[in-house]
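Read the structure below first, then the notes.
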Amino acid sequence: MSSVAPEQVADQAVVDDGAAHRESIWAKAVYKLRRDRLGMIGLGVVLLYFVVAIGVWLGIWATEWGDVEGPKWAPMSAEYWFGTNIIGQDIFARAIYSTKTAFEVGLVVAVLSTIIGALLGALAGFFSGTWIDEIILWLKGVLDSIPFYLFVAAVAFALTGNPYAMHIAMVSTFWTTTGRLVRGEVIKLKNFEFVEAARAIGVPQVVIIFRHILPNTFHILLVQATIVFVAAIKSEVILSFLGLGVQDGVSWGLMIAESTQEVLAGFFNNFVWASVFLFGLVMAFNMFSDALQDALDPRKVASE
Amino acid sequence: MSTLLKVVDLKKYFPVRGGMFHRVVAHVKAVDGVSFELEKGRTLGLVGESGCGKSTLGRAVLRLHEPTSGQIILNGDDLMKLDREALTAHRRQMQIIFQDPYASLSPRRTIAQTIQEPLDVHKIGTPREREKKVEELLDVVGLRKQVLSRYPHEFSGGQRQRIGIARSLALNPNFIVADEPVSALDVSVQSQVLNLIARLQREHGISFLFISHDLAVIQHVSDDVGVMYLGRLVELASAEDLYREPRHPYTKALMSAIPVPDPKKKSKRIILGGDVPSPMDPPPGCPFHTRCPDAMPHCKKAVPPRVNVGTEDRPHFVDCHLFTEEAAT
Amino acid sequence: MSSEHTAPLLSVRNLVVEFSTRYGPVRAVDDISFDVYPNETVGIVGESGCGKTVTGLTLLQLIPMPPGRIVQGSIKFDGRDLTKLSEKEMQEMRGSDISMIFQEPMTALNPVFSVGNQMIDVLRRHKNLTRRQARELAINMLDTVGIPAPRKRIDEYPHQMSGGMRQRVMIAMALSCGPKLLIADEPTTALDVTTQAQVMEQIVKLQDEFHMSMILVTHDLGVVAESCDRAIVMYCGNIIETAAIDDLFHKPQHPYTRGLLDSIPRIREERVAELPIIRGIVPDLLHLPDGCRFADRCPRATDECRKDKPVVNIDPVTGNGVACYHPMG
């Protein structure tokens with residue numbers, strides 16, 4: 001191979017330190033996120049909830065959530081911080097334990113529906129205009145057109161006794177938005193010259209999708225996952241309230257469901273504390289999710 | 001000299017869909033019957049204005065855009081007759097360099113991964129040998145080893161273009177399509193990259209199909225030059241002949257339109273009237289007759305045939321009625 | 001040249017424009033001074049990032065503030081300091097006394113209004129006209145800039161026009177209120193060569209007719225050579241040379257100007273093996289060297305150049321000036 005002309009050596013010298021400030025969109029995003037006050041508060045609160053959930057999962061606290069240990073409807077006291085419920089269970093322990101349930105549902109649904117949405121969206125986008133795209137769009141259309149709670153009820157009945165009926169129902173409807181967004185992004189990306197370059201080299205199509213295209217939709221997937229996470233937690237509450245949700249254990253939704261009789265009798269502790277816990281997490285997660293979306297918005301990032 | 005690439009009557013029509021059922025309502029005739037030959041170790045420059053189909057032609061020759069019809073014979077094999085597997089194998093011989101250095105490198109892959117990918121795909125050498133090859137390639141394009149673990153966004157346009165060139169050289173191709181490789185770069189960087197391409201052609205004997213809208217750039221790298229207008233080659237000759245004596249009225253106008261960086265030489269402009277017609281509905285007859293200063297009534301009726309106005313050994317082809325007999329009479 | 005006798009129309013002194021970034025402030029324009037005389041065309045040339053576009057935008061206070069900020073300096077136009085005007089006064093100035101045309105006519109025109117509506121708006125904002133009068137004037141202007149069938153085309157939307165047409169509309173709009181100064185930022189860069197020639201020709205002709213001064217911001221020295229009286233060369237936010245057009249092209253004094261002129265791809269008599277280049281790349285505005293900003297790439301640089309930054313000394317007779325310790329002979 002030939003040697004390098006002298007003028008190029010000068011060029012090289014600049015490569016090493018030059019342009020050090022040109023950072024990836026991730027570095028910029030982290031920088032923007034850290035300056036977003038509300039977003040950081042949101043993230044802090046979410047992490048706090050997460051630590052609580054991990055503690056429950058490890059069996060460090062709230063192990064007595066199922067024990068009937070006190071009198072019925074005990075008021076708030078040093079022993080029972082949030083009082084007790086209709087059969088004398090500690091509301092504080094149940095509210096804490098429910099954090100784990102919420103994260104479990106949120107994470108499972110967010111991860112699975114993001115993966116499915118990414119895969120189907122990428123396939124539809126890459127093969128847009130072909131029968132593959134048509135089938136995926138049709139499936140999405142069908143799922144979107146069935147009312148959500150009707151669909152969940154149907155799945156719950158079809159899978160009676162299966163503790164994951166609720167998760168399956170949520171995943172199979174929540175992936176569609178992610179799928180649509182990914183499809184649009186992939187249609188944009190597949191016309192970029194780096195994708196053509198890969199084709200010119202002879203890279204197989206599947207490899208092109210996974211190696212060159214999907215990694216560039218990561219910002220969408222991340223934001224979508226946080227949105228689905230919140231949606232799943234909220235839906236869980238409503239589904240549990242309707243008796244279609246969590247089958248064993250306890251959740252904020254179940255607590256609110258069992259509180260209906262109590263509220264009629266004038267005891268609000270169960271209802272209020274479950275709602276406060278739910279509201280705190282959803283609110284914090286939304287704040288974080290908004291900040292993340294702002295930080296990763298390519299238009300805003302590019303203008304910096 | 002022997003022929004490396006022969007393209008015969010290549011066409012690429014893009015369907016335009018519309019109406020209720022996404023029916024094909026029209027075609028954009030991006031490349032409309034182009035024929036040329038490229039000899040081993042030589043460069044054919046392809047010049048034309050935006051929308052003339054030159055980039056589509058470059059991609060169609062590589063079957064990155066599936067041609068509508070025609071023949072592409074590379075080293076004796078008709079690429080149009082190959083199935084996908086055989087085509088992938090043939091991709092080792094032919095590569096492409098892109099226009100936009102910001103869009104042509106995968107943003108989430110390191111420089112090492114990008115340059116090594118062709119070697120991985122075609123399973124060439126051991127991993128150690130591949131790494132060594134990548135380092136050699138960097139040396140050829142004038143970049144240092146230290147860049148390997150970095151990402152594209154850390155580099156300037158000129159440096160990215162060098163990385164793209166290194167990638168295209170990885171498989172030792174004997175044919176490269178260079179699609180406007182310098183038009184996105186600043187003037188001072190432009191000449192650095194042009195010199196690199198000229199050197200590669202000299203030292204590695206690679207044949208280039210060099211596409212550009214800039215006649216000056218084309219002159220620097222090309223042995224032969226083709227001028228495109230509305231999906232067709234209207235003039236094809238050796239660079240020397242074409243620049244000394246352009247024959248087609250369009251080529252003449254194109255030459256005269258280039259601003260000359262010398263205030264004392266105010267050029268005599270041939271100002272063309274009107275705009276380029278839509279390739280969806282090209283005019284009948286000669287595609288250039290709507291703007292041609294020398295148009296004759298005959299030009300509106302018949303598509304001009306290719307005429308050799310040079311000699312047998314030094315052909316100079318023009319598709320223009322000014323040089324046909326029936327129009328002269 | 002009129003420069004010795006009349007007062008300048010525009011006089012920029014020690015202008016500094018800074019942008020705040022997360023890595024600290026960046027001076028896009030760093031202490032520049034220049035004059036534009038009545039009826040004169042001044043070219044501001046340089047490569048991307050040299051500050052030429054920011055200069056043009058700052059004259060009209062069109063840079064986004066923040067992150068942009070005029071740190072110091074004055075912009076005297078017709079006796080008034082533009083940096084001291086309120087936003088409202090500036091709005092009256094824009095489009096009437098000073099107009100601007102941009103590189104991309106598609107993004108500068110609003111796609112949902114017809115061309116006529118947009119022109120009438122501009123006219124009525126600055127002149128006391130009825131809708132009908134404004135429309136007549138707009139049609140006249142379209143005719144003046146060479147749009148065929150203006151009475152029909154005035155009701156068309158931007159997307160129905162070609163790039164060249166749209167740029168003509170932009171020019172018609174910019175000139176409709178009879179400005180004294182036109183700032184043209186890369187007015188032909190987005191256009192094809194043949195269209196470029198048409199549009200540039202038109203601009204120069206109109207400038208004569210309307211007795212305006214013009215600042216032509218461009219990277220294309222060819223365009224400058226053909227249409228400017230004087231040129232300012234910028235590098236990394238500084239003016240490094242200013243000279244009458246003939247002097248600049250035939251006796252460039254700054255090594256960068258020289259290198260830039262040499263490296264333009266131009267049509268030559270003979271094909272050359274190596275194009276002349278400027279080695280290295282433009283330094284990063286965040287990490288500028290202490291001395292001359294071109295020193296690292298300069299063949300004539302000495303220790304002196306690396307220590308202190310040279311300033312432009314204007315020769316009172318010729319009006320030329322260069323910021324260099326070792327100017328070319």
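Here are a few things to note about the model shown:
- Among the residues of the range B:46-61, none is identified as within 18 Å of B:L87 (Cβ to Cβ) and more than 11 Å from the chain's Cα centre (by Cα).
- Residues that are surrounded by 19 or more Cβ atoms within 10 Å (Cβ to Cβ) and in contact (Cβ under 8 Å) with a residue 60 or more places away in the chain within the range C:33-42 comprise C:F34, C:V36, C:Y37, C:E40, C:T41, C:V42, listed in sequence order.
- Lone qualifier among A:F192, A:F174 - being facing chain B (nearest Cβ under 8 Å) and open to solvent by 10 Å² or more (accessible area, probe 1.4 Å): A:F192
- Only one of the numbered conditions (1) open to solvent by 10 Å² or more (accessible area, probe 1.4 Å); (2) under 13 Å from the mean Cα position of the chain (by Cα) is violated by A:A257, and that is (2).
- The combined condition, being among the hydroxyl-bearing types (S, T, Y) and in contact with a Pro (Cβ under 9 Å, 6 or more places away or on another chain), is fulfilled by A:T84.
- In the set (1) away from every other protein chain (no Cβ under 11 Å); (2) open to solvent by 20 Å² or more (accessible area, probe 1.4 Å); (3) of a type in the set (A, V, I, L, M), the condition left unmet by C:L142 is number (2).
- Hits in the range C:247-298 - residues which are acidic (D, E), more than 28 Å from B:K252 (Cβ to Cβ) and without any contact (Cβ under 8 Å) to a residue 24 or more places away in the chain: C:E274, C:D284, C:D290, C:D296
Listed here are the residues, each with its yes/no results for (1) assigned to a strand (DSSP E or B); (2) within 14 Å of chain B (Cβ to nearest Cβ); (3) crowded, with 18+ Cβ neighbours inside 10 Å.
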{"site": "C:T6", "(1), (2), (3)": "no, no, no"}
{"site": "C:L15", "(1), (2), (3)": "yes, no, yes"}
{"site": "C:S20", "(1), (2), (3)": "yes, no, no"}
{"site": "C:D31", "(1), (2), (3)": "yes, no, yes"}
{"site": "C:I44", "(1), (2), (3)": "yes, no, yes"}
{"site": "C:G56", "(1), (2), (3)": "no, no, yes"}
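- Subset of the range C:58-69 that is within 18 Å of the chain's Cα centre (by Cα) and hydrophobic (A, V, I, L, M, F, W, C) - its residue that is surrounded by the fewest Cβ atoms within 10 Å (Cβ to Cβ): C:L62
- Yes/no for B:D120 being at pLDDT below 90 and either open to solvent by 10 Å² or more (accessible area, probe 1.4 Å) or at the interface with chain A (Cβ under 7 Å from one of its Cβ atoms) (or both): no
- Residues located in the range C:81-97, provided they are part of a helix (DSSP H, G or I) and open to solvent by less than 50 Å² (accessible area, probe 1.4 Å): C:L82, C:T83, C:M90, C:M93
- The sole residue among B:A30, B:A26 that is among the hydrophobic types (A, V, I, L, M, F, W, C) and surrounded by fewer than 15 Cβ atoms within 10 Å (Cβ to Cβ) is B:A26.
- Across the range B:195-215, the number of residues qualifying as among the hydrophobic types (A, V, I, L, M, F, W, C) and closer than 19 Å to B:P261 by Cα comes to 1.
Each row is one residue, and each column tells you yes or no for (1) under 21 Å from B:I176 (Cβ atoms); (2) more than 8 Å from chain A (Cβ to nearest Cβ); (3) touching a Gly at 6+ places or on another chain (Cβ under 7 Å); (4) in a strand (DSSP E or B).
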| site | (1), (2), (3), (4) |
| --- | --- |
| B:A86 | yes, yes, no, no |
| B:Q95 | yes, no, no, yes |
| B:Q99 | yes, no, no, no |
| B:P107 | no, no, no, no |
| B:I115 | yes, yes, no, no |
| B:E131 | no, yes, no, no |
| B:V134 | yes, yes, no, no |
| B:L138 | yes, yes, no, no |
| B:L148 | no, yes, no, no |
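- Entry remark, the range C:177-190: residues being open to solvent by less than 10 Å² (accessible area, probe 1.4 Å) and either more than 14 Å from chain B (Cβ to nearest Cβ) or basic (K, R) (or both) number 5 in total.
- Within the range C:98-140, the set of residues being polar (S, T, N, Q), more than 18 Å from C:V199 (Cα to Cα) and not in a helix (DSSP H, G or I) comprises C:N110, C:S114, C:N128, C:T130.
- Selection status of A:S275, open to solvent by 30 Å² or more (accessible area, probe 1.4 Å) and more than 30 Å from B:A89 (Cα to Cα): yes
- Condition met for B:G58 (under 30 Å from C:A197 (Cβ atoms) and either in contact (Cβ under 8 Å) with a residue 60 or more places away in the chain or touching a Ser or Thr at 6+ places or on another chain (Cβ under 8 Å) (or both)): yes
- Within the set B:S55, B:S2, B:S104, the sole residue that is among the polar types (S, T, N, Q) and surrounded by fewer than 19 Cβ atoms within 10 Å (Cβ to Cβ) turns out to be B:S2.
This table checks each residue for (1) among the charged types (D, E, K, R); (2) modelled with pLDDT of 85 or more; (3) closer than 30 Å to C:I70 by Cβ.
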site: C:K84; (1), (2), (3): yes, yes, yes
site: C:M90; (1), (2), (3): no, yes, yes
site: C:S96; (1), (2), (3): no, no, yes
site: C:R132; (1), (2), (3): yes, yes, no
site: C:N140; (1), (2), (3): no, yes, no
site: C:A149; (1), (2), (3): no, no, no
site: C:E156; (1), (2), (3): yes, yes, no
site: C:Q160; (1), (2), (3): no, no, no
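- Test: residue in the range A:125-138 that is under 22 Å from the mean Cα position of the chain (by Cα), at pLDDT below 90 and surrounded by fewer than 17 Cβ atoms within 10 Å (Cβ to Cβ): no
- Only one entry in A:V246, A:V223, A:V203 is open to solvent by less than 20 Å² (accessible area, probe 1.4 Å) and away from chain B (no Cβ under 14 Å), namely A:V223.
The values are calculated or read from the model by the stated rules, or taken from the named source; none is laboratory data. In this text, all values refer to a predicted model and were calculated from it rather than measured experimentally. Glycine also receives a Cβ, built like all others from the backbone with ideal geometry; neighbour counts cover every protein chain displayed. Surface areas here come from the heavy atoms of the whole protein model, side chains and all, with no ligands, DNA or RNA. Shrake-Rupley method; radii C 1.70, N 1.55, O 1.52, S 1.80 Å.
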